[in-house]
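Heads up, the thing below is written out as structure tokens.
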4 protein chains.
Amino acid sequence: MEIASFQSVISKYQVIFFDAYGVIKNYKGLIPGIEKTFDYLIQQKKEYFIITNDASRSPEQLAASFNKLGLKPINADHIISSGMLAKEYLDLKVKDGIVAYLGTENSAHYIESSGLKTLPVSAIDETNINEVNALVLLDDEGFDWYDDINKAVNLLRQRTIPAIVANTDNIYPVTKNNVSIAIGGIATMIESIVGKRFLRFGKPDSQIFIFAYDHVRSFKPVTKSEILMIGDTLHTDIIGANKFGLDTMLVLTGTTLPADAETRIRSTGITPDFICESAAINGIA
Amino acid sequence: MEIASFQSVISKYQVIFFDAYGVIKNYKGLIPGIEKTFDYLIQQKKEYFIITNDASRSPEQLAASFNKLGLKPINADHIISSGMLAKEYLDLKVKDGIVAYLGTENSAHYIESSGLKTLPVSAIDETNINEVNALVLLDDEGFDWYDDINKAVNLLRQRTIPAIVANTDNIYPVTKNNVSIAIGGIATMIESIVGKRFLRFGKPDSQIFIFAYDHVRSFKPVTKSEILMIGDTLHTDIIGANKFGLDTMLVLTGTTLPADAETRIRSTGITPDFICESAAINGIA
Amino acid sequence: MEIASFQSVISKYQVIFFDAYGVIKNYKGLIPGIEKTFDYLIQQKKEYFIITNDASRSPEQLAASFNKLGLKPINADHIISSGMLAKEYLDLKVKDGIVAYLGTENSAHYIESSGLKTLPVSAIDETNINEVNALVLLDDEGFDWYDDINKAVNLLRQRTIPAIVANTDNIYPVTKNNVSIAIGGIATMIESIVGKRFLRFGKPDSQIFIFAYDHVRSFKPVTKSEILMIGDTLHTDIIGANKFGLDTMLVLTGTTLPADAETRIRSTGITPDFICESAAINGIA
Amino acid sequence: MEIASFQSVISKYQVIFFDAYGVIKNYKGLIPGIEKTFDYLIQQKKEYFIITNDASRSPEQLAASFNKLGLKPINADHIISSGMLAKEYLDLKVKDGIVAYLGTENSAHYIESSGLKTLPVSAIDETNINEVNALVLLDDEGFDWYDDINKAVNLLRQRTIPAIVANTDNIYPVTKNNVSIAIGGIATMIESIVGKRFLRFGKPDSQIFIFAYDHVRSFKPVTKSEILMIGDTLHTDIIGANKFGLDTMLVLTGTTLPADAETRIRSTGITPDFICESAAINGIA
């Protein structure tokens, strides 16, 4: 397993896609040295985008959270989130009625679409259940798990409607040793219980990459071979971008630990084009 | 699909195993006419046992709940529950320390074993986590889902201990149209998130049939071909008993509706030896 | 379940995507009346494309097979096959060496890419195994199942390389009652045995819809809402196109029988925008 | 991870259950030193049995194969195979007609049962298909994979009959680096394609342990805590015996390599009571 120099790898590409968690930041804050990476990209006139499986906040709120951590250049235009795909789906395919959701009120605000009314699952009752035309799972917080997960199950048993989840992660880290179940894990449980297929947006699914690719091409002519995807997770970032035809870089600052990287690549068969210790410009995080 | 006469079928067997839910009772109470069935079995000197995937109560409490519904002859000796297998496992294989559990305090009381201390997952902390030598999932009530399911996930990430669930059901009915997620559904979610294998006791697994068969033979010499299992669910009662070598009867008073029975048998390949409308002595429920 | 008039539905769209098997043809030949549909589309100046999970033949060969059945207007430019995505992947991501394949020699000819050498799995041995940089599963014929499926398993155990399958179907019909295992079914077996993730191109994955959408836009400005996908299978054609944001029509001339359609839609939650008896212009097939 | 002394561990038990492959023998022959183990067990008057997921040969043939390798004391009474459970199932539950099989003629001879006729899948045709009352998968050899796996799929689509597999392994080793797909892997593929549930006999399922336990108790009174199961595979031997309530020993001469044992135990949560380098009496294999 050869460790490449971050700077020499990115010099070959015109556009860089970054995963957020484990590449740019972690539970403690920014990955050390990552600010310099963005300064360098700006100086080198390379385009950069953050491709994130996050449906709990709007692009503006996600950008603001990076700014607050100290990454000043990031704005909403740099964000491609799986929540944007969920919203596109609602815009295109759900014409009217109520969109029921599990998540915070804030997360629901973001998916609001003209002609649709959003309501938390807790507010669904006999008087409005027949108007519910979609269920969206946005965040693992903002609702009572016992009451509302059970209500979501019964909603899907009674109504033949699309169920959407924009985060395929099962867990997310909260401290060095502890994790929390993510909304993707809850979606998997509900899916297996009701026997219905959820629409899953977000990496590794190709659709978030075409969304990002279309977005880039709208202001800069570019081919797939000029784009590099940087991620910390083999089975989302790397396999998804590989399959879409992008070159890929695995960094070792997140879910794939330096000691495990080689074993995991061999056991899964998911092979990045490059491995770097970190996406920070000075190497080791 | 030929519908057999209940009375003529049971006349061929010495011992009758009954599933509880959907065969003897449902969310409304006893299946109409089922009392006469037990009077008849007693009169005919046939042995009967209730084989149930329930780990939330002791055999005594389960028997009492049948008595309360009006089924007077049932006592604790007639009950074989998956919880009894979980308890046997703890007795045989967990020598000391703490057994953490998800469920009600009452359910935990039942699995208490000499030398072991039971504690709800909510009471596990840094001071005692290293003494936890097993996790048992007993009931979907009695704990805070958000806090304690997340705690159970982190417990299994930190401790290499057996995780036990004695109910393989994902849901249970609460009204005509509504269901609740059962502890088996929660177990499946935790299992897939932590990537560890739960020990699952209860139908369709052979071990509960072995346990019942051993129990019967301890006071009456009997062979497998003299035992009939009656159930309402193909993928637990029927496939489990078929595989163990017992003859099986599907009744249509529970999860398998009369209109679906033939299709389900054909699509799953799980074939009961007999189909009856009900286990009530007078036929139609 | 309302059955719509085919002609009135397609009048609302500028571009029509057709699945092939079960929509245009079946094991007996063309779906009766389907020729008139294409005459009508040409007359109405609507664009049409066939979106097919077939990697066993080139677009030219697929078009020729439709011509031979009597569908004269179809040419290679109307074909979008999952094999084209597999080829794009090899072009973009496999720089050199050998591409080993399971399939006919003819199927392999099609994926040939500059700089790559294709070899059947049967020709892989100790002298060339280290040059194998990808494995592609193309067709269920053209190789010895016992010898070559076992060889493919061992190849993937020894080499960390991408494994690609461009057909997600498990079976295909060969007569009214009989099916054959498709290469997708073999891929699933190999995948589970070696524990590595295959790259799967073809419906329901979004990437084939992206490929088709990009292709259409290269000569005609069109939005997603102006495109209709017509398919016979809920879990490939319909869910895939729904998720991509296209409107969808289920036809009842293939895998979804008229008597089952409503039940299947309700049990899977996969809902087409329209249901028609057939894609033939005169209605009933 | 503490490595125990084999001799001191077995001194605590009255009955020893051995897995065959990876414990007593491997692809090269006997595990070095294993003969002395059996001499010692005989001298110490301990009972021993070989519990094996093998349905391709009779107990007599399996015993003969051990004798031929040099393990003289083993006879048919020491063998408990999953094939014996498949045979018991046929005896108890399939009253008449044809049992179709995939495997060698020799393997089929073994499952012959009074009143049943065995026929290879290749011999099933329109004249006899309606008499087929069970399908049994016995061995990965003795049939044409392409023809007969496809025929087995169509048989299960046309007949609602039990399908039985007595080997849950997906692969078996044939040389140091190469494996072959086992009949269990083929069963999984057929099962997923036809959507029907196979009856799976053999470890980790409890039924083979109760079969062995009943067998032992028929001539020696013994409790579960006096029995030790020795195996090389966590997810069959160890989890199965643990769950049945037996103590377990993992040996490192088979599928679990010394370097991986600790990681695998931690990642699966499947914990043996003891770990020994080998079941050979002198320690290191």
Pairing a residue in region C:101-123 that is at positive phi with any residue that is loosely packed, with under 13 Cβ neighbours inside 10 Å, where Cβ atoms lie under 7 Å and the two sit 6 or more apart in sequence or on different chains, gives C:Gly115/C:Lys95; C:Gly115/C:Asp96
Taking first residues from region B:1-19 that are more than 14 Å from B:Asp247 (Cβ to Cβ) and second residues anywhere that are of a type in the set (Gly, Ala, Ser) and buried (at least 23 other Cβ atoms within 10 Å of the Cβ), the pairs with Cβ under 6 Å that are 6 or more apart or on different chains are B:Asp19/B:Gly231
Filter region A:1-25 for residues that are in a loop (DSSP other than H, G, I, E, B) and of a type in the set (Ser, Thr, Tyr); the one that is surrounded by the fewest Cβ atoms within 10 Å (Cβ to Cβ) is A:Ser11
Residues in region C:44-100 that are in the same structural domain as C:Phe17 (by TED's automatic domain parsing) and of a type in the set (Phe, Trp, Tyr) total 2
Scanning region A:197-230 for residues that are of a type in the set (Val, Ile, Thr) and touching a residue at least 12 places away in the same chain (Cβ under 8 Å), the one farthest from the other protein chains (Cβ to nearest Cβ) turns out to be A:Ile230
task = For region B:198-217, indicate whether the set of residues that are aromatic (Phe, Trp, Tyr), surrounded by fewer than 18 Cβ atoms within 10 Å (Cβ to Cβ) and not in a strand (DSSP E or B) is non-empty.
result = no
- Query: Could you say whether any residue in region B:162-169 is at pLDDT below 95, touching a helix residue (DSSP H, G or I) at 6+ places or on another chain (Cβ under 6 Å) and aliphatic (A, V, I, L, M)?
  - Reply: yes
- prompt: For region A:124-140, does any single residue satisfy the condition of being within 20 Å of the chain's Cα centre (by Cα) and within 12 Å of chain C (Cβ to nearest Cβ)?
  reply: yes
In region A:48-106, residues that are crowded, with 22+ Cβ neighbours inside 10 Å and of a type in the set (D, E, K, R) total 3
Residue pairs within 7 Å by beta carbon, gap of at least six or interchain, first lying in region B:231-248 and over 18 Å from B:Ser267 (Cβ atoms), second among the basic types (Lys, Arg), listed first then second, are B:Gly240/B:Lys203; B:Gly245/B:Lys224; B:Gly245/D:Lys93; B:Leu246/B:Lys224
(message) Tell me whether region C:33-44 contains one or more residues that are closer than 24 Å to C:Lys220 by Cα and aromatic (Phe, Trp, Tyr).
(response) yes
Selection over region B:1-21 where residues are closer than 25 Å to B:Asp169 by Cα and in contact with a Gly (Cβ under 9 Å, 6 or more places away or on another chain) yields a count of 4
Of the residues in region A:239-262 that are in contact with a helix residue (DSSP H, G or I) (Cβ under 9 Å, 6 or more places away or on another chain) and part of a helix (DSSP H, G or I), the one that is surrounded by the fewest Cβ atoms within 10 Å (Cβ to Cβ) is A:Ala261
Residue count, region A:160-196, condition assigned to a loop (DSSP other than H, G, I, E, B), within 9 Å of another protein chain (Cβ to nearest Cβ), on the phi < 0 side of the Ramachandran plot and not aliphatic (A, V, I, L, M), comes to 6
Restricting attention to region B:26-39, the residues that are surrounded by fewer than 20 Cβ atoms within 10 Å (Cβ to Cβ) and not in a strand (DSSP E or B) number exactly 7
D:Thr236 meets each of (1) within 12 Å of chain B (Cβ to nearest Cβ); (2) touching a Phe, Trp or Tyr at 6+ places or on another chain (Cβ under 8 Å); (3) not small (Gly, Ala, Ser) with one exception, condition (2)
For region B:250-285, the count of residues that are within 14 Å of chain D (Cβ to nearest Cβ) and over 12 Å from B:Leu234 (Cβ atoms) equals 2
Output for Cβ contacts, cut-off 9 Å, separation at least six or different chains, first residue over 21 Å from B:Leu135 (Cβ atoms) in region D:262-285, second modelled with pLDDT of 90 or more and of a type in the set (Lys, Arg), reads D:Ala280/D:Lys36; D:Ile281/D:Lys36; D:Asn282/D:Lys36
Those residues of region A:263-284 which are over 27 Å from C:Glu88 (Cβ atoms) and assigned to a loop (DSSP other than H, G, I, E, B) amount to A:Glu277, A:Ser278, A:Ala279, A:Ala280, A:Ile281, A:Asn282, A:Gly283, A:Ile284
Taking region A:145-159 and the residues there that are under 20 Å from B:Glu141 (Cα atoms) and within 8 Å of chain B (Cβ to nearest Cβ), the one that is surrounded by the fewest Cβ atoms within 10 Å (Cβ to Cβ) would be A:Tyr146
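The values are calculated or read from the model by the stated rules, or taken from the named source; none is laboratory data. Since the structure is predicted, the reported quantities are computational estimates derived from the model, not experimental observations. Positions of Cβ are backbone-derived with ideal geometry, glycine not excepted, and every protein chain shown enters the neighbour counts.
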